[in-house]
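Structure first, then comments.
The values are calculated or read from the model by the stated rules, or taken from the named source; none is laboratory data. For clarity, every value in this text was computed on a predicted model and none was experimentally measured. Here Cβ is always computed from backbone atoms with ideal geometry, including for glycine, and neighbour counts include all displayed protein chains. With ligands, DNA and RNA removed, areas are computed over all heavy atoms of the protein, side chains included. Shrake-Rupley method; radii C 1.70, N 1.55, O 1.52, S 1.80 Å.
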Amino acid sequence: MLLKPLIKRQTYIQLSIVSIVMALTIIAQAYLIVSIIEAIFLSNASFSAILPSLGLLLFVISLRAGMNYLNGVIGLHAANQAKKKLRNRVLSHFTKQPVDLSSQGRSGEKVTQLINVVEQTDSYFSQYIPKMIQATIVPLAILAIIFTQNWVSGVIILLTAPFIPLFMAIIGMKTKDKSEEQLNELSSFSGQFLDSLQGLTTLKLFGQSDREKSRIEDSSINFRQATLGVLAVAFTSAFMMELISMLSMGLIALELALGLIIFDTITFATAFFILLLAPEFYIALKDLSSAFHSGRESLTASKKLEEQLNEPVEELTWGEASLTSRPPRIQLNGVSFAYDESETVQDVSATIEAGSFVAIVGKSGAGKTTLLHLIARLLPVHSGDIFVNDIEQDQLGEQAWFNELSYISQHPYIFSGTIYDNIQMSKPSATKEDIDHAAKEAGLQPLIDLLEDGLHTVIGEGGRGLSGGEKQRVALARAFLKQPSIILFDEPTTGLDLKTEQVLNESITKLAEDATLITVAHRMHTIQKADQIIVMDEGRVVGTGQHDMLRKSNATYQSLIGDVAGGERDGWS
Amino acid sequence: MAGLNIVIKQLMKEKRDVVLSILFSFIAGIAAVGLFTASGYLISQAALGVPITALTVVIAIVKLLGFTRALSRYSERYFSHRATFTMLSHIRVQFFEKLQNLTPSKVQRFRTGDLLSRFVSDVESLQNFFLRIFYPPIVLVLIFLSTVLFTLYFSFWIALLLVVGLLLSTVVLPALFAKVRQTTEQPVQEKRSDLSAQATELLFGYQDLKIHQKLADQSEAFNTANDDLIQAQTKERKHELLNQVLDGWIGLLMAWAVLAVGGWLITSGQMEGVWLAMFMLLTLTVFENTQPMAAFPQYFLENKKAANRIFFKEDEAVSEPTQPLGDAGAIDISFRGVDFTYPDEPRSTLKNVNLSIPSGSKTAFVGASGSGKSTLLQLILKLEEASGEVYINSQAISQMTPESLWQQTNTVMQDQQFFAGTIRDNLLSDASDEQLTYALKRARLSNFSLTDEVYEKGDNLSGGEKQRLAIARLFLRDANLWLLDEPTSSLDQVTAREVMTEILRDAENDTFVIVSHNLRGLENMDQIIVMDHGEVVEQGTFDELMARKGYFYQLKEIERDTL
Ligand SMILES: Nc1ncnc2c1ncn2[C@@H]1O[C@H](COP(=O)(O)OP(=O)(O)OP(=O)(O)O)[C@@H](O)[C@H]1O
Ligand SMILES: Nc1ncnc2c1ncn2[C@@H]1O[C@H](COP(=O)(O)OP(=O)(O)OP(=O)(O)O)[C@@H](O)[C@H]1O
Ligand SMILES: [Mg+2]
Ligand SMILES: [Mg+2]
């Protein structure tokens, strides 16, 4: 149970006190109204005689309004606290995952879970709990008073009461399935929407827009159906409650009329008093049933969140150690990793000397990026070990490790924010000069000069778009700013023209002077300069060495550089 | 109002449900008033000791009214919610359609999370439009009119009181709140969008956040946005709560006033005592109907904003294009003095571009990063609209329906897009399984089966696999124009060459345009166009450009040096 522990005891106490006062005002209100009418209608009292009662009544109804307000506010606060905590919990669940798990599932669904599903737990705190308390106190008080006045009416009410838990049980069951369906549809069309949104252009170009539109239409119609299903239960239960209350009200009225006229056992005042109070009894119960209904929906939402939170995360563990010397030496001993059943990286062993420049080459899909992820410890090694300066990698502190590392991935993400922010994220302590300098090193100066706001131009989602190569350079600037001792590059210069690349290669060489540089490369001229080339094929290392050696002896390498017949040819036509 | 007008239009598609909701709501409301009025009368008459038979009639009426009320309430709710949720599903589709019609650079101006929030939450909030804004006032007026007329028959003063109460709770109170609200308006929708944007960014940029140890910061930003949202919501809901409570209080107050005035009228002999209980109950009930009005201004403003966020304004296209591109084999393209500026940009990205790509020719675009190559391809595809004219087969592109153009084009964009689903889904084709498998094979993706799972954005594919999957899509289409933006930049040379050979086999007689940073193999191109800073600086065949010793020649020199 996720929601219950989120309410403080204090809240229950406050709500109970408010409900007790509310019950008192309801009873007092009915009593005063009756006494006023009786005085005028039957006792022929003068107007001035009823003035005190009128004054008191005014006070009572105002107090009742005040209690209503308090009740609402208490519920609201309880809901707020709970929603804050819940969002926090779900988010930290998401942020614990290693990168391969985090990309599973649709982002739209996750965002909806964080925002809308959590929102749906609101009514548990703001409706269900307050009404539940109110509905145990108020009707009991009313019933007690009615019994003191006329026990027959009390018995009638008591006879109809058992129907109420019965209906609640039915609502509970029905709502559960339906609201689960509703939440599923909600997640589904949110996921669908975000997924289509990021591929909008492709959908257009491939004539799939209409199909996608009808998919969105279908899922939102399904959502409508599910919502109506949930509501139908609520409406039906409200209808049934109404009928029950009407039935018993009718009986009470009849009984009162008989008592009043035929048997003369009841006075007008008593009869009227009961007639005013009995509906309040049923109103409280009707409120309860609708609160119960929304409470059930909240519970469904909470179940969904709970499922999410209970999903196991393969959390990476870290130690406390820090790097002993910089740049570090990295050693891989029989490292393997599998995304699913088959191993993507198999038994990889290699030694990367401190300060050396290592190129990883291999066909597309050979596992180069995965290997970089493993070295960066973005993914857990499934078997084998990685040593950094002879310390096992999992003994290092997370902060200590990532502080030494720059990793430019194959598709770096540009965050919504200024160019400045996007560069600064790699080193929050950097000064303006540092960032200027890093931007220059990354060849961004020509772009920045063109922009009105220069470095402070907002880019990323919601900002100015950049060309492919410009994004790549912003990401590179992060590395130049950080000056790390380990650099992992995943084809840092794809999408760059030769001129820009030439400039960048100079900067990279300078950056790599005091660092261990491991780069995935397709381009010949990068590979040639490497101190060591690791050749990968289908997840295995099939050769290590330098260019001249490998081109003579390694068949995979030869075929990779298109060096079958001797001359290098990397053109495509 | 613009947004709300569209909402009303959507709502009116459900006319039948709208009318039924209003009808049943009125019946339910008036039945309730009748029910309590009759009970008040009943109890008073009973006290006076009238014959039991007369009372039975009243009791029967009470029963009937009660049943009518319950049934009508049920029907009202059913029809009104059906109308509402049907409308919402239409609006969702419309919103998506609207986004589809935007150019990519305009979509880029929104944050994904913001759009998601509009799609889910803002649309959801429009459910109040019909349920709380549109019909309650209509019903309220009808019910009050009937009630006041009925009361007028007995007492002018009490009728007047009802009217005063009505004005108080439907005009004065809402106006007061509307005024307060204007100064304390809470940007709940924006805050929710912020929160959604923070969450989306965290998920999309997860890997880079992790590497830069920024997950904690981003979570912090999320939590701050969350606090902001909750704070804004709290203010808003407290406001709403206060409205409701005050409105309920006014109802009670009016009943109290009826008691006081009635008491005075009776004691001074202007009214019979038997009516007092009846009017008191009547007042209590009739004011239940004003409840929805309390929050009217709040919902109205909120919905207006939501509607404008969903149906946001955009520059209208000058004229709807009407002409389809004729299907006449190979395609030629020409640019005549084309300028292009991205929205909200001070500088133009493409300047006075003149070029011609003859049908069946092979053209390569080269040039510095950021020089405008990808932009130029977008203009050919009419994804963005330029000034100056682009002609395709001598037809002006501005008059052309883009779908007809896309149908005849095979494109690989620089950033390929993929969808959560299977490989089959991502091939975006209705072709048979054999054909799909064959296309995969040609794109050197034979190790994948059609049912293999693809994550959102193709996150479980390697860089090169994505490019090859995007290329496999092309083998399933019959198009005359090929536009390839660095299609093999992440592939090793061997695979790149193999895939390229496959492409050229299909494109043999077609117009073929490629953007590439790889200068090898350009010897065989019919034309090379060199771009710099948004301008075409050189064009010609490989040999011509080499002979000119200009920009292209320099690039070749650099290439030679790096080896
Ligand atoms: N998150 C993931 N889940 C499941 N499989 C994955 C995931 N990421 C990659 N793979 C698969 O693992 C294999 C190796 O991928 P990897 O990205 O390491 O290749 P690569 O050598 O970097 O290729 P490229 O040069 O094309 O980028 C590929 O077949 C790919 O489909
Ligand atoms: N959505 C956008 N809004 C504003 N400016 C943009 C947008 N997209 C691109 N630009 C700018 O337009 C110019 C041309 O971009 P384009 O993507 O066409 O370059 P490119 O030649 O394809 O470069 P690359 O080789 O790096 O892909 C660049 O200066 C870029 O910053
Ligand atoms: Mg890769
Ligand atoms: Mg480009």
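Figures for the structure shown
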quantity: Environment charge of B:Met254, counting only residues whose C-beta is closer than 13 Å and scoring Lys/Arg +1, Asp/Glu -1; calculated: -2
quantity: Farthest toward positive dipole pole in region A:212-342 [+1 Lys/Arg, -1 Asp/Glu at C-beta], among A:Ile261, A:Leu299, A:Val335; calculated: A:Val335
quantity: Violating pairs (Cα-Cα greater than 20 angstrom) within the set B:Lys191/B:Lys238; A:Lys482/B:Lys210; A:Lys178/B:Lys13; calculated: A:Lys178/B:Lys13
quantity: Test item: Cα-centred dipole of the protein assembly as shown, Lys/Arg +1 and Asp/Glu -1 on Cβ, debye; calculated: 3940
quantity: Length-normalised contact order for region B:208-289 - Cα pairs under 8 Å, 6+ apart - percent; calculated: 28
quantity: Residue mean of other protein chain beta carbons inside 10 Å, A:372-384; calculated: 1
quantity: Greater than 19 Å apart at Cα, pairs in A:Lys499/B:Lys382; B:Lys98/B:Lys382; B:Lys382/B:Lys466; B:Lys362/B:Lys441; A:Lys4/A:Lys131; calculated: A:Lys499/B:Lys382; B:Lys382/B:Lys466; B:Lys362/B:Lys441
quantity: More than 16 Å apart - percent of Cα-Cα pairs taken over region B:453-505; calculated: 43
quantity: Residue-averaged [θ]222 nm for chain B, counting only DSSP H segments that reach four residues, each worth -39500 (n - 2.57); calculated: -18500 deg cm²/dmol
quantity: Tensor-based shape of region A:409-483 (alpha-carbon gyration tensor, a/c under 1.5 rounded, otherwise prolate or oblate); calculated: rounded
quantity: Student exercise, region A:1-86 dipole from Lys, Arg, Asp, Glu Cβ charges, in Debye to nearest 20; calculated: 800
quantity: DSSP bridge orientation in the protein assembly as shown - percent antiparallel, rounded to nearest 5; calculated: 50
quantity: Relative contact order %, chain A, counting alpha carbon pairs below 8 Å whose residues are six or more apart; calculated: 14
quantity: Diffusion constant of chain B at 25 °C, which comes from Stokes-Einstein with the Kirkwood Cα-pair radius and 0.890 mPa s, µm²/s; calculated: 83
quantity: Model label zone, A:Arg89; criterion: amide N under 17 Å from point 7 Å along Cα-to-beta-carbon; scope region A:108-122; calculated: A:113-122
quantity: In degrees, nearest ten, helix A:9-41 long axis to first principal axis of chain A (Cα); calculated: 30
quantity: Calculated log₁₀ intensity ratio I(q)/I(0) where the Debye formula runs over C-alpha points of region B:63-215, q = 0.18, 0.19 Å⁻¹; calculated: -1.21, -1.25
quantity: Shielding of A:7-18 by partner chains, average beta-carbon count, 10 Å; calculated: 0
quantity: Order by protection proxy (mean Cβ within 10 Å, highest first), peptides A:474-486, B:341-353; calculated: A:474-486, B:341-353
quantity: Neighbour net charge for A:Gly334 - beta-carbon separation under 15 angstrom, K R +1, D E -1; calculated: -3
quantity: Approximate spin-label separation A:Glu398-A:Leu56, in nm, with each point projected 7 Å along Cα-to-Cβ; calculated: 6.6
quantity: For region A:415-480: accessible area per residue (Å², 1.4 Å); calculated: 36
quantity: Within chain B, longest stretch free of exposed GluC sites (Glu not before Pro) [DSSP loop, at most 13 other beta carbons within 10 Å]; calculated: B:1-271
quantity: Gap separating the Cα centres of region B:5-53 and region B:367-422, nearest whole Å; calculated: 60
quantity: Residue-averaged 222 nm ellipticity for chain A, from DSSP H runs of 4+ at -39500 (n - 2.57), nearest 500; calculated: -20000 deg cm²/dmol
quantity: Solvent-accessible area per residue, Å², over region A:4-309 with all protein chains present [probe radius 1.4 Å]; calculated: 37
quantity: Span-like helix ranges in chain B, DSSP H, alpha carbon extent 27 angstrom or more, Kyte mean at least -1.0; calculated: B:15-48, B:52-100, B:215-267
quantity: Accessible area that becomes buried as A packs against B, both chains, 1.4 Å probe, Å², nearest 100; calculated: 15000
quantity: Furthest towards positive pole of dipole, A:Ile129, A:Ala28, A:Ile391, structure part chain A, Cβ charges; calculated: A:Ala28
quantity: Loop-located GluC sites (Glu not before Pro) in region A:422-469 whose Cβ has at most 16 other Cβ within 10 Å (DSSP); calculated: A:Glu452
quantity: Net charge over other residues, Cβ less than 9 angstrom from the Cβ of B:His517 (K, R count +1; D, E count -1); calculated: -3
quantity: Value of relative contact order over chain B, rounded to a whole percent, pairs C-alpha under 8 Å and six or more apart; calculated: 14
quantity: Size of charge dipole - chain B - debye, nearest 20, with Cβ of Lys, Arg +1 and Asp, Glu -1, no other charges; calculated: 2440
quantity: FRET efficiency estimate (nearest 0.05) - Cβ-Cβ, B:Glu557 to B:Tyr391, R0 56 angstrom; calculated: 0.95
quantity: ³J(HN,Hα), Karplus 6.51/-1.76/1.60, whole Hz, each residue of region A:328-339, x for Gly, Pro; calculated: x, 9, 10, 10, 9, 10, x, 7, 10, 8, 10, 6
quantity: Those residues of region B:430-468 for which accessible area with every protein chain present is at least 50 Å² below the isolated value (1.4 Å probe); calculated: B:Tyr455, B:Glu456
quantity: Shape call, region A:404-446: gyration tensor on alpha carbons, a/c limit 1.5; calculated: rounded
quantity: Average partner coverage of B:517-525, which counts Cβ from other chains inside 10 Å; calculated: 4
quantity: Among B:Ala295, B:Ile22, B:Thr147 the positive-end extreme of the charge dipole of chain B (Cβ point charges); calculated: B:Thr147
quantity: Tilt relative to chain A, helix A:432-441 - C-alpha long axis, 0 to 90 degrees, to 10; calculated: 50
quantity: 0 to 90° range, to nearest 10: angle between helix A:129-149 axis and chain A longest Cα axis; calculated: 10
